[in-house]
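Reading through the C-alpha cells given below for one structure.
Please treat every number below as a calculation from the coordinates, not as lab data. Please read these numbers as outputs of a predicted model, since none were measured by experiment. Methodologically, a virtual Cβ is constructed for each residue, glycine included, from the backbone with ideal geometry; neighbour enumeration extends over all protein chains shown.
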Amino acid sequence: MKKIFTFFSALSLGLLAQSQEAPRPVGNEEIIFANTRTSAAPIRSNRGSEFFCEDFSNGLIGNNPVGEWTTGGQNASVWAMADANSPAGFYSSNLAAMASPTADNGWLIFDADFAQDGAISTSNPVEVMSGWVQAPELNMSELENVKVEFNQYFRYCCQQLSPLSVEVSIDGGDTWTVFNATGILVTSANQLSANPLLTVIDISCVAANQPSVLIRWFYNRSQNSAYSHYFWGLDDICIYETVEENDLEITQVTNGNIVTVWEYTVTPLEQAITEANDGMVAGVIFRNNGRQDQTNCQITIEILDEAGSTVLNTTSIPAFDMVAPANEEICPAPVLDTIFVSTGFFPPSIGTYILRASITSDQTDEIPDNNVIDRTIYYTTNEYGHNDSTLTTGELRGQADPDNPDLFLQFGTGNIFQFPNEGSTVYGLTVDFGANTAANASVIGVMYSDQSTAQAQNFALEGFNYYTTTATSGSEGPIYIAFEEPVEPLTDEVYLVAVETEDILVEEVTVMAQPNSDTDNSTARKSLNSAGTLVWFFRNNYSPAIRAILTDGVGVSEADNLKINFNMMPNPASENVRVEFTTDAAQNVAYEIRDINGKLVKTSNLGNQAQGKVSFEVNVRDLSAGTYMMNIIAGSRMVGSDQLIIK
C-alpha cells in the first residue's frame, strides 16, 4: 500500500483565505462554556528548579529577590494592578475577574477598554493601544534550559491574529526575540480566553546560559490600529529549568491533514477516503519537552476496533532525529512538529474506531504516559460533522446589542465541509440548541459554497430552510432542519453548513459546542466587523454541534443495519396519513416529504420521543396527486424512507 509522509516544522492554522475587516467591540461575551476551559488542551506544568517567580502581591515593586517591574511603550500607564472592578470599561465590565491561583493577592492588567472609557464617539475616539511590562534583569548563565510559565486572561479586538507577545533580549533591550504569548492556543478576535489560561513558553533558544536577560509582555508591539479594546491580565509568572532530560510528547492525533484540508469526528461511509486514494489521512502533532536531543524517533499509527482489542491497520514512520528547543537553530523554535500520513485504511463498515499514535526514541522517556494518544472516530450512514457529541459541553450564546441589552444581535455559527467522493446529496442539517435558547426565535439552516478569496468573502447560498425554536429546543438533542431543495455537492468545492438568524431578536439563540477542538480551523462564526457589517470569522477554539445530513447515495449496504421499518396508512392517501414505527432509544424525531425531484414539500420536528412506538398524523390534502418520498429522521440519522402515493 502506498504511504505518503508529509512533515511540517511547525503547526500552521491559517487555512482559509480571509482578509475581512475586524469586528468592532461589542457588549457581552458571546461564547460561554460552562465548567470548561475555552483554550486549547491544557499544557502540562511540570516545573523543575524554579529560578524566578512573581505573584504580584507587592504590585509592580515585585515580590521577588531580584527587583522591580517596569512598564513602557505608547500606553505604559495602562499597565496597573487590577482592582475590584477589573476588567472595567464599557465593553468589558460584565466579565469576571481573573481566577488565577493567587488572584486574591493581586494580578496585573492592561485594561485597554477602561483606559479610553469604552466610549466610541468624536470626543473620545477609538485609540491604538500599545504597551509592555518588563521583569527585572535576570542572570541565566547557569540555566541550560529556560521555560516561562504564567497564567493569563484576555480578550482582544480587532484582528484575527493575537496582539499578545512575550519578548526576550540579551543585549540590554537593543534587539528582541518575539514569542507568541498564547503558546499553542488558536485565538480569534472578540473571544474570551480561559480564565485562567496556563501558558508555557520555551525561551531556551535565546535565554539559556545568558548572563543578562530581559523579558517583557507586550500588547500590540507593532502598534496596529486594530488593537484598541478589551484587556490582558497576567499573574503567577514563573521561570524554571525543565526537569526531564528525555521527554517526547504527542499532543494530538487527527484523522485528516488539518493544514491543507479538514478533519471530521463523524464521517458518512460514502465520504470516507477510498483505498484507491490512499485511505484515511492521520496526523500526529508532537514535541520534544526535554533538555536533550532525541535520536531515531519513531512514530507508529494504529487503527483499532471500538473495543481497542484488534489492530486493523498499522503505519510506521521512517525514523528521524528531533533536537531539543534549546538547540534549535531557528529562534523562536517551532512550538510543535506535525506529520501527516496516508494510512491506506478504509473502514470495513459503519461503526466506532480508535485512532492511536505513539512515539519512541533511542532514549528512555522519563514520562512515557504522554507518548501515546487515542482518538475516537465514527463512520456513519449519513452524518457528517466535526464535533464529538460525548465532548460537546459548551454553549455558544448570542451577543447582546450594545445599544439595547434586551435585544440580541444576529447570530451565526457553522462548520466547513468538503466532499471528496462523488454521489452524495445533502438533505439538510442537524443542530443541538443550547439550554438558553428561547422559544419562537426564527432560525435559518443554511449551506453555502465558499468562493472566498484573499480580497473578499463570497458565500453562495446552496440550500436553506427556516426553523422556529420551541421552549424545549435546547433539551431535545439534534434538531433536523431539512433544506427546501437538496444539495448535490461538488468534490472540488468548499462548503459552509450553518445556522443563523436574519435580524436582531428579542429571543436568544444558542448552540451547543465542543470546546478545545477547532485545530483544523473548520469553525465559522458570524460577527460584526469594524464597519458594522456581519462577516464570517474563523480561527475559533470550539466546534459547534452542527452536522450535515447525507443520503446513502453511493450505495453503502451497511447502512441498512440502521434502517427502521415504518407503516403509512392509508397509502395511497388523499387526506391524512398515519405513520407508525418503533425507536430503539429516546431521541428527537422529525419527518420530511419530498417530491420526485427531491424538493421539500412538507416537514416537521416532532420533538423528543420516548423509546418504543411512535405514531403521528400528516395532513396531505394540500399535496398534488403523484409519488413522493416520506423520510424519517431520528436524532441525526435518516433512518427510514419509503414511497408515499397521493391520489
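First check a/c for the chain, with a ≥ b ≥ c the square roots of the eigenvalues of its C-alpha gyration tensor; if it is under 1.5, answer rounded, and if not, answer prolate when a/b is larger than b/c or oblate otherwise. In terms of gyration-tensor shape, oblate.
Helical runs (DSSP H, four residues minimum) scored at -39500 (n - 2.57) apiece and divided by the length of the chain put the mean residue ellipticity at 222 nm at 0 deg cm²/dmol. The Stokes-Einstein estimate for segment 309-413, based on a Kirkwood radius over Cα pairs and taken at 37 °C with 0.692 mPa s viscosity, is a diffusion coefficient of 170 µm²/s.
With an 8 Å cut-off on Cα pairs and a minimum separation of 6 or more residues, tell me the relative contact order of segment 563-646 in percent. Walk me through the numbers on the way to the answer.
Numbers: 190 pairs, mean separation 28.5, N = 84.
Once normalised by length, the contact order is 34 percent.
Across the alpha-carbon atoms of segment 244-396, the computed radius of gyration and Dmax are 16.7, 49 angstrom. Taking every alpha-carbon pair in segment 389-550 and binning the separations at 5 Å intervals from zero gives 2, 9, 18, 23, 21, 16, 8, 3, 1, 0 percent.
Taking other C-beta atoms within 10 angstrom as a stand-in for reagent exposure, Phe340, Phe110 fall in the order Phe340, Phe110, fewest first. Among the lysines of the chain, pairs that are 8 or more positions apart or on different chains and have alpha carbons within less than 28 Å of each other number 8. For segment 563-646, the mean projected area of the C-alpha convex hull, equal to one quarter of the hull surface, is 4.8 nm². Contact order, relative form, for the chain: 15 percent (alpha carbon pairs under 8 Å, 6 or more residues apart, mean separation divided by residue count). For the chain, the cysteines with no partner cysteine C-beta closer than 4.7 Å are Cys297. Once the chain from Thr491 to Thr472 is taken as fully extended at 0.36 nm per residue, the excess over their C-alpha distance is 3.1 nm.
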